[in-house]
Amino acid sequence: MKNIPRKIYLQENEIPKVWYNIVPDMPEKQAPFIHPGKLKPVELEDLLPVFCEELAKQELDETTRYFEIPEEVREYYKTFRPSPLVRAYNLEKELKTPAKIYYKFEGNNTSGSHKLNSAAAQVYYCKKQGLTKLTTETGAGQWGTALAMACAYFEMDLTVYMVKVSFEQKPFRKAVIQTYGANVIASPSDTTDIGKKILAQNPGTGGSLGCAISEAIEAAVKTDNCRYVLGSVLNHVLLHQSVIGLETKAAFEKIDEYPDIIIGCTGGGSNSGGLMTPFIKDKLDKKQSPYFILAEPVSCPSFTRGKFTYDFCDTGNITPLAKMYTVGNGYIPSANHAGGLRFHGMSPIMSKLYHDKIIDEARAEEQTSVFEAATLFAKCETILPAPESSHAIRVAIDEALKCRETGEAKTILFGLSGTGYFDMNAYEQFMDKTMTDHIPTDEELEAGFASIPKFPGIE
Ligand SMILES: *Cc1c(COP(=O)(O)O)cnc(C)c1O
C-alpha cells in the first residue's frame with residue numbers, strides 16, 4: 001500500500017502557468033450567445049460596451065487551448081494558491097468505506113471560495129485596459145467579496161449590487177465587502193431604471209441574482225470608464241477556474257493516482273467546470289475515463305429538470321441569450337433555500353458537455369440531506385463547508401457508501417469549493433429542525449419555463 005499524505009501540496013512554482021480552454025477540444029462546440037436585438041451570434045463589438053476587451057476575446061475564443069496566466073495574476077495567486085488536495089482519511093474511516101476520497105479545497109482565502117481565481121484575472125485585465133471602475137452583482141456574497149479583494153489589490157473602484165435578501169440576512173458579508181473598499185447596494189435599488197421598474201412591479205421583493213445582474217450591467221454601461229464583470233456561467237470564467245483542475249491533476253501525478261469519479265457542485269458551473277475540464281480533456285483524448293457527476297439543489301434543478309434551450313441570463317432580459325439548461329429566467333427558488341446555487345441557468349459549455357453525455361450525470365440533492373453531509377464532513381475533516389460545496393460532499397459520501405456495499409476501492413474526487421462561516425443561519429435551521437426541503441412542483445417549474453423567451457428560429 002502506498003503511503004499517501006493527508007495533504008498533497010504543490011510548490012509555489014508549480015502554480016499552473018496557463019489556463020485551459022476546453023472549447024477547442026469539444027467534439028461539438030457549445031451554441032453561441034445570441035444578441036437578442038439582432039438575433040444573430042454575439043460578436044466582439046457587441047460585448048465591448050459591457051465587458052473588458054481581453055475578457056470578451058477570451059469569451060469568444062474557440063481555438064486557443066492554453067492561455068498564459070499573466071505574471072501579475074500568478075503573483076496574486078501566490079497569496080492563496082496552490083490550494084491543497086486533501087485525502088479525506090477521517091471521513092473514509094467514519095464511512096467504513098474502501099473508497100479513497102479526495103477533495104480539492106478552494107476555500108482557503110477570505111472570500112471563502114474559488115471565486116477569487118477568476119476575480120483576480122478579471123480585475124487584472126480591466127486594469128490593464130485602463131478602466132477605473134467595475135460593477136457586479138452578488139447573491140450569497142462570495143463573488144462580491146472575491147471581487148472586492150481583487151479590486152483592493154489591483155486598485156479599482158467597485159460597486160456591488162447585492163441581492164436584497166442577502167444584504168439583509170448577511171450583514172457581515174456586506175461588511176467584509178465594504179472593508180475591502182467596495183460600495184454595496186441592495187438590489188433591486190432605485191439607482192437604475194431596471195431596479196426602479198422591478199420595485200414598482202413588486203415593492204416587497206427580496207430581489208434575485210437575475211435582477212441584480214440587470215442592474216449591474218445597466219450601471220456599467222451608463223458609467224464612464226466602467227465595465228461589468230461576472231463570477232460564473234461565462235466561458236472566460238470557466239477558463240480561469242481551470243487552475244483548480246490543472247493543480248489537482250498535478251497533485252494526483254505526484255502520488256501516482258487518478259480519480260475514478262469526479263464530483264462538483266453547480267450554481268453556474270464555474271467551480272465544477274474548472275475542476276473537471278482538464279480531466280474531461282483526458283476523456284476526450286481517450287487516455288482516461290473518469291465518471292463525472294454534477295450536484296445541484298432540488299430547489300433549483302437546472303440540469304435535472306430544466307430545459308436545454310436559449311434563455312436570458314438575467315431577469316431584466318438585457319443580457320445575450322445563452323443556450324443552456326435553465327429553469328427559466330423568471331424562476332424564483334424557494335426563499336428558505338440556503339446557499340449560492342440559485343441561478344436559473346448554467347454555463348453553456350457545461351450544459352453542452354452534459355447534453356452530449358461527456359459529463360455523465362447530474363443529481364439534485366435535498367437541503368437537509370446536504371446539511372447532514374456538511375455536518376458529518378465538518379466533524380471528520382475539520383473544515384466547515386459552504387452549503388454549495390456540501391452538495392458535492394453529499395454525492396461523494398453516497399458514492400463512498402456504494403463502495404462499502406460493493407467492496408470496490410474507487411478513487412473519488414470532489415471539489416470543496418468553499419467554507420460556510422457566513423451561512424450559520426442555515427446551519428442553525430438545520431440543527432433546530434426548521435429547515436425544510438422544498439421540491440418544486442411541476443406547476444412551479446412551468447411558471448419558470450413560461451419566462452423563457454421565444455424568438456423565431458432560435459431554440
Ligand atoms: C458561487 C459558489 C458556487 C456556485 O458557483 P459555480 O459557478 O457553479 O461554481 C459553489 N460553491 C461556492 C463556495 C460558491 O461560492
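The values are calculated or read from the model by the stated rules, or taken from the named source; none is laboratory data. Given the structure is predicted, the values throughout are model-derived calculations rather than measurements. Using ideal geometry, Cβ is built from the backbone for each residue, glycine included, and neighbour counts are taken over all protein chains shown. The protein model used for the area step is the full one, side chains on, heavy atoms only, and it has no ligands, DNA or RNA in it. Shrake-Rupley method; radii C 1.70, N 1.55, O 1.52, S 1.80 Å.
Looking only at segment 216-232, filter to residues that are open to solvent by 10 Å² or more (accessible area, probe 1.4 Å) and within 13 Å of the ligand (Cβ to nearest atom); which one of those is farthest from Tyr258 (Cα to Cα)?
Restricting to residues being open to solvent by 10 Å² or more (accessible area, probe 1.4 Å) and within 13 Å of the ligand (Cβ to nearest atom), the top hit is Leu230.
Out of segment 46-68, which residues are of a type outside the set (A, V, I, L, M, F, W, C), surrounded by 15 or more Cβ atoms within 10 Å (Cβ to Cβ) and within 19 Å of Ala219 (Cβ to Cβ)?
Result: Asp46, single match.
Would you confirm whether or not segment 406-427 contains a residue that is within 21 Å of Leu85 (Cβ to Cβ) and among the aromatic types (Phe, Trp, Tyr)?
yes
Would you confirm whether or not segment 306-315 contains a residue that is within 14 Å of the ligand (Cβ to nearest atom) and part of a helix (DSSP H, G or I)?
Looking for residues that are within 14 Å of the ligand (Cβ to nearest atom) and part of a helix (DSSP H, G or I), one finds none in segment 306-315, hence no.
Does Thr110 satisfy the condition of being in contact with a Ser or Thr (Cβ under 8 Å, 6 or more places away or on another chain) and either over 20 Å from Thr223 (Cα atoms) or surrounded by fewer than 21 Cβ atoms within 10 Å (Cβ to Cβ) (or both)? Give the derivation first.
Numbers: in contact with a Ser or Thr (Cβ under 8 Å, 6 or more places away or on another chain): yes; either over 20 Å from Thr223 (Cα atoms) or surrounded by fewer than 21 Cβ atoms within 10 Å (Cβ to Cβ) (or both): yes.
Criteria met by Thr110.
Out of Ala400, Ala409, Ala396, Ala364, report the one residue that is within 22 Å of the chain's Cα centre (by Cα), modelled with pLDDT of 95 or more and not in a strand (DSSP E or B).
Ala396
From Gly328, Gly269, Gly273, Gly264, which residue is more than 16 Å from the ligand (Cβ to nearest atom) and under 19 Å from the mean Cα position of the chain (by Cα)?
After ruling out the rest, the residue left standing is Gly328.
Any idea which of (1) assigned to a helix (DSSP H, G or I); (2) surrounded by fewer than 24 Cβ atoms within 10 Å (Cβ to Cβ); (3) touching a helix residue (DSSP H, G or I) at 6+ places or on another chain (Cβ under 6 Å) is the one Ala150 doesn't satisfy?
Checking Ala150 against (1) assigned to a helix (DSSP H, G or I); (2) surrounded by fewer than 24 Cβ atoms within 10 Å (Cβ to Cβ); (3) touching a helix residue (DSSP H, G or I) at 6+ places or on another chain (Cβ under 6 Å), the one that fails is (2).
Table: residues versus (1) of a type outside the set (S, T, N, Q); (2) open to solvent by 10 Å² or more (accessible area, probe 1.4 Å); (3) within 9 Å of the ligand (Cβ to nearest atom); (4) closer than 28 Å to Ser334 by Cβ.
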{"residue": "Leu284", "(1), (2), (3), (4)": "yes, yes, no, no"}
{"residue": "Tyr291", "(1), (2), (3), (4)": "yes, yes, no, no"}
{"residue": "Val298", "(1), (2), (3), (4)": "yes, yes, no, yes"}
{"residue": "Thr304", "(1), (2), (3), (4)": "no, yes, no, yes"}
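Kindly provide the set of residues from segment 248-282 that are in contact (Cβ under 8 Å) with a residue 40 or more places away in the chain and open to solvent by 30 Å² or more (accessible area, probe 1.4 Å), ordered by number.
Ala250, Lys254, Asp256, Tyr258, Asp260, Lys281
In this structure, is Pro387 free of Cβ contacts under 8 Å to residues at least 60 places away in the same chain and either within 15 Å of the ligand (Cβ to nearest atom) or open to solvent by less than 10 Å² (accessible area, probe 1.4 Å) (or both)?
yes
Can you pull out the residues in segment 333-361 that are part of a helix (DSSP H, G or I) and among the small types (Gly, Ala, Ser)?
Ser351
Kindly check whether there is at least one residue in segment 205-212 that is closer than 26 Å to Tyr153 by Cβ, touching a residue at least 60 places away in the same chain (Cβ under 8 Å) and of a type outside the set (Val, Ile, Thr).
If we filter segment 205-212 for residues that are closer than 26 Å to Tyr153 by Cβ, which is where we start, we get 209, 212.
Subset that is touching a residue at least 60 places away in the same chain (Cβ under 8 Å): 209, 212.
Subsequent filtering for residues that are of a type outside the set (Val, Ile, Thr) retains 209, 212.
Yes: one or more hits.
Report yes if some residue within segment 319-331 is surrounded by fewer than 21 Cβ atoms within 10 Å (Cβ to Cβ) and without any contact (Cβ under 8 Å) to a residue 60 or more places away in the chain; otherwise report no.
no
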